[in-house]
Amino acid sequence: MNHLERITKGMELPEDHFYSLYVDECFYYSSPTWRRLRPFLLRSAELGRLDCVEQVVQNLLENLTYAPMLFEVAEGLFQEGLWQAAALLYKNVSASEKYQNSERLAVASSVCSG
């Protein structure tokens with residue numbers, strides 16, 4: 001993210017100009033790493049780039065080990081008042097855990113429906 005921000009700033013482009021390409025970079029040209037994706041999710045949510053949040057979440061939830069981490073990010077976004085991004089994460093986490101009895105599923109479902 002740091003390199004991306006510097007490049008974009010140096011080119012005098014909007015901060016989120018290359019965000020869609022960054023998603024491709026993270027999933028199609030390299031292995032996804034939480035160290036890279038968590039800050040990207042947070043910044044995308046702050047900038048209102050829900051399209052990028054959705055792309056990342058859809059790709060990450062192909063591997064259910066990311067569900068607890070995404071739930072944690074959703075909780076943080078909810079606390080920060082970024083409710084649309086949080087709801088998007090809660091919805092996807094609850095869909096990925098619909099066949100499991102989990103506290104995350106209960107919380108995500110109640111937030112999405114309320």
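The values are calculated or read from the model by the stated rules, or taken from the named source; none is laboratory data. Keep in mind that what you see is a predicted model, and the values were worked out from it rather than measured. We place every Cβ from the backbone using ideal geometry, glycine too, and count neighbours over all the protein chains shown. Calculation scope for accessible area: heavy atoms of the full protein, side chains included, ligands and nucleic acids excluded. Shrake-Rupley method; radii C 1.70, N 1.55, O 1.52, S 1.80 Å.
Applying both filters, DSSP loop and at most 15 other Cβ atoms within 10 Å, to the trypsin sites (Lys or Arg not before Pro) of segment 39-101 gives Lys98. Relative to its residue count, segment 32-81 spans a Cα convex hull of 65 Å³ per residue. With a 1.4 Å probe rolled over the protein heavy atoms of all chains, the accessible area of Leu50, Leu41 falls in the order Leu50, Leu41, largest first. For segment 1-102, the dipole from Cβ point charges (+1 on Lys and Arg, -1 on Asp and Glu) about the Cα centre works out to 180 debye, to the nearest 20.
List the chymotrypsin sites (Phe, Trp or Tyr not before Pro) within segment 1-58 that DSSP assigns to loop and that have no more than 11 neighbouring Cβ atoms inside 10 Å.
Tyr29
Loop-resident chymotrypsin sites (Phe, Trp or Tyr not before Pro) (DSSP state other than H, G, I, E or B) in segment 48-101 with no more than 12 further Cβ atoms inside 10 Å of their Cβ: Tyr99. As a size descriptor, the averaged projected area of the C-alpha convex hull of segment 1-102 was calculated at 6.4 nm².
Spin-label point model (7 Å from Cα, Cβ direction): what's the Asn2 to Thr33 distance in nm? A separation of 1.2 nm, rounded to one decimal place.
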